[in-house]
Amino acid sequence: MGREESRAERLRQQYYIERMRDAVLEETAETGRAPTYYIETLGCQMNAKDSEKLAGILDEIGYVPASLEDTADFVLYNTCTVRENANLKVYGHLGHLNSVRKKSNPGMKIAVCGCMMQEPDEVQTVREKYPFVNIVFGTHNIFKLAELMYRMRTEDRMVIDVWEGTDEIIEDLPAIRKYPFKSGVNIMYGCNNFCSYCIVPYVRGRERSRDRADILSEIRALAEDGVVEVMLLGQNVNSYGKTLDPPVSFPELLRDIEQIDGIERIRFMTSHPKDLSPELIDVLASSRKICNHFHLPLQSGSDRILKAMNRHYTKEKYLQIAGELRARVPGIAVTTDIIVGFPGETEEDFLETMDVVERVRFESAFTFIYSPRTGTPAAKMENPVPEEVVKDRFNRLLARVQQIGQEESGRDEGRVLPVLVETVNHQDSRMVTGRLTNNTVVHLYGDASLIGKIVPVRLRESKGFYYIGELCRREGQAG
Ligand code: SF4
């Protein structure tokens with residue numbers, strides 16, 4: 001779909017936003033209060049960003065956030081399906097909502113969207129076992145929420161609108177940001193990598209990149225609106241721009257974003273080692289704004305398992321990249337994802353993974369026990385690893401990763417480094433909490449007036465995975 005059609009679709013949705021707004025105004029006049037909404041977001045940062053857009057549409061229609069799920073007039077579940085049992089959690093919630101509806105909130109409307117609804121079996125389950133759900137849609141058409149709510153009000157049946165795939169990108173959707181000073185920015189959607197254990201390509205579709213101009217104008221608007229940090233989002237940001245005509249490379253896009261005034265910090269995820277270009281490391285090494293935190297999923301250190309996972313890189317390639325990052329980007333934190341217990345994994349394979357852990361010394365790692373995901377090639381693979389063996393390997397890996405993380409974490413103790421203050425501390429309201437550019441958490445004494453500011457902090461003491469810091473005088477003095 002070209003820009004013209006995308007713009008026409010955006011206008012078409014604006015028509016439904018206005019129809020819904022009229023209906024809500026009428027309703028508000030009758031009831032004396034605006035209808036409320038509650039969004040439950042499961043899964044990754046892509047889902048969190050989608051939920052900000054869904055909240056933006058509801059806000060444009062005239063809904064206001066509900067304080068509690070059970071009292072909301074409209075409840076929306078934005079689902080994840082990466083793990084087999086993620087679905088069970090959603091069904092549990094729907095069961096709870098149905099009893100709430102019956103007991104205390106008969107007018108409640110319920111919608112389910114996101115990755116789980118991209119699976120036909122799950123849509124069938126909702127249709128048959130949860131007939132009280134009002135709207136079902138997927139990941140490709142979240143921009144249609146107002147239209148689907150309009151249909152919910154005009155059609156006396158469950159509204160189901162799930163697209164198998166799309167080449168559409170609808171721009172300029174309203175969004176309600178979770179944080180005033182930082183924001184996720186989608187740069188691309190979908191994934192073409194088909195790692196054999198992963199369901200994402202089946203539920204998020206084929207890769208499609210947003211136009212560079214649209215991304216830059218969104219980030220300029222965010223900067224004008226007080227955002228100092230952006231997180232560029234994509235399943236595989238390193239292949240950004242391949243579908244554009246003419247193609248644009250991810251490093252080129254980063255260079256453009258670097259020029260935008262007001263943006264002080266640039267983060268991005270997720271990178272795939274197979275598409276990581278030397279040019280990207282050049283940009284990282286010369287940038288003043290790109291944060292020195294690089295999340296680079298390894299998954300396994302064994303070439304045999306990497307092949308079975310369809311990851312398209314080798315242990316040596318991964319080590320070479322990690323080595324290059326450490327050599328060229330000062331103080332960089334390299335974090336990763338590792339799967340233990342992939343079908344056919346031997347002790348030798350596992351020791352290859354442990355060898356990478358020893359040599360890269362990750363600042364932290366997300367470690368997962370392999371869980372077969374119906375619909376993926378790996379789910380059909382023979383030779384499952386016995387549970388007790390997997391558990392043993394998982395515990396050995398976790399212990400070593402945490403130990404290394406601890407050893408690496410204190411290296412900046414005593415230094416003065418910039419911290420973006422994000423919240424008042426949850427444990428001690430006399431303190432605030434923020435992050436270094438390498439994503440390490442810092443707690444320091446200070447009040448809410450520091451939130452959203454990048455301040456110089458002396459890192460007094462390392463406490464393992466975070467620091468206790470002290471605001472440097474220059475910033476702390478009143479008047
Ligand atoms: S790169 Fe692989 S693991 Fe990541 S989303 Fe794509 S298929 Fe899944």
Out of all the residues in region 285-304, which are in contact with a strand residue (DSSP E or B) (Cβ under 8 Å, 6 or more places away or on another chain) and either buried (at least 22 other Cβ atoms within 10 Å of the Cβ) or of a type outside the set (S, T, N, Q) (or both)? LYS289, ILE290, CYS291, HIS293, PHE294, HIS295, LEU296, PRO297, LEU298, GLN299, SER300
Name every residue in region 248-275 that is at pLDDT 95 or above and assigned to a loop (DSSP other than H, G, I, E, B), in order of residue number. VAL248, SER249, GLN259, ILE260, ASP261, GLY262, ILE263, GLU264, SER271, HIS272
Of these, VAL442, VAL421, VAL455, which one is part of a strand (DSSP E or B), among the hydrophobic types (A, V, I, L, M, F, W, C) and more than 24 Å from the chain's Cα centre (by Cα)? VAL455
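Table: residues versus (1) modelled with pLDDT under 95; (2) closer than 19 Å to PHE143 by Cβ; (3) not charged (D, E, K, R).
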residue: ILE39; (1), (2), (3): no, yes, yes
residue: GLN45; (1), (2), (3): yes, yes, yes
residue: LYS49; (1), (2), (3): no, yes, no
residue: ASP59; (1), (2), (3): no, yes, no
residue: PRO65; (1), (2), (3): no, no, yes
residue: ASN87; (1), (2), (3): yes, no, yes
residue: ARG101; (1), (2), (3): yes, no, no
residue: GLU122; (1), (2), (3): no, no, no
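One line per residue, one yes/no per condition, for (1) over 18 Å from LEU325 (Cβ atoms); (2) of a type outside the set (Ser, Thr, Tyr); (3) within 16 Å of the ligand (Cβ to nearest atom):
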| residue | (1), (2), (3) |
| --- | --- |
| PRO247 | yes, yes, no |
| PHE250 | no, yes, yes |
| GLY262 | yes, yes, no |
| PHE268 | no, yes, yes |
| PRO273 | no, yes, yes |
| VAL283 | no, yes, no |
| SER286 | no, no, no |
Any idea which of ASN192, ASN238 is within 16 Å of the ligand (Cβ to nearest atom), open to solvent by 10 Å² or more (accessible area, probe 1.4 Å) and in contact with a Phe, Trp or Tyr (Cβ under 6 Å, 6 or more places away or on another chain)? ASN238
Can you tell me which of (1) open to solvent by 20 Å² or more (accessible area, probe 1.4 Å); (2) of a type outside the set (A, V, I, L, M); (3) more than 25 Å from the chain's Cα centre (by Cα) is the one ASN310 doesn't meet? (3)
Residues that are modelled with pLDDT of 95 or more, within 18 Å of the chain's Cα centre (by Cα) and away from the ligand (no atom under 16 Å from the Cβ): does region 195-217 have at least one? yes
Among the numbered criteria (1) assigned to a loop (DSSP other than H, G, I, E, B); (2) farther than 30 Å from VAL136 by Cα, which one does VAL230 miss? (1)
I need the full set of residues from region 195-211 which are open to solvent by 30 Å² or more (accessible area, probe 1.4 Å), more than 17 Å from VAL248 (Cα to Cα) and charged (D, E, K, R), in order please. ARG206
Which listed residue, of ASP275, ASP214, ASP245, ASP282, is in contact (Cβ under 8 Å) with a residue 24 or more places away in the chain and open to solvent by 40 Å² or more (accessible area, probe 1.4 Å): ASP282
Do the conditions hold for THR433, that is, is it among the hydroxyl-bearing types (Ser, Thr, Tyr), surrounded by 14 or more Cβ atoms within 10 Å (Cβ to Cβ) and within 30 Å of GLY323 (Cβ to Cβ)? no
Any chance region 174-185 includes a residue that's assigned to a helix (DSSP H, G or I), more than 16 Å from the ligand (Cβ to nearest atom), closer than 20 Å to ASP50 by Cα and open to solvent by less than 50 Å² (accessible area, probe 1.4 Å)? no
Out of contact with any helix residue (DSSP H, G or I) (no Cβ under 6 Å at 6 or more places or on another chain) and without any contact (Cβ under 8 Å) to a residue 24 or more places away in the chain: which single residue out of ALA333, ALA327 fits that description? ALA327
For region 229-241, state whether one or more residues are outside the structural domain of ILE454 (by TED's automatic domain parsing) and farther than 16 Å from MET269 by Cα. no
Confirm whether PRO372 is in a loop (DSSP other than H, G, I, E, B) and open to solvent by 50 Å² or more (accessible area, probe 1.4 Å). yes
Looking for something at pLDDT 95 or above, more than 16 Å from the ligand (Cβ to nearest atom), outside any loop (DSSP other than H, G, I, E, B) and more than 24 Å from the chain's Cα centre (by Cα) - is there at least one such residue anywhere in region 156-167? yes
Restricting the first residue to region 349-365 and requiring it to be at positive phi, which pairs with a second residue that is among the hydrophobic types (A, V, I, L, M, F, W, C) meet a Cβ separation below 7 Å and a spacing of at least six or different chains? ARG361/ILE404
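The values are calculated or read from the model by the stated rules, or taken from the named source; none is laboratory data. Small disclaimer: the values here were computed from a predicted structure and weren't measured. Because the Cβ atoms are built from the backbone with ideal geometry, glycine has one as well, and the counts that use them run over all protein chains shown. Side chains included, ligands, DNA and RNA excluded: accessible areas come from the protein's heavy atoms. Shrake-Rupley method; radii C 1.70, N 1.55, O 1.52, S 1.80 Å.
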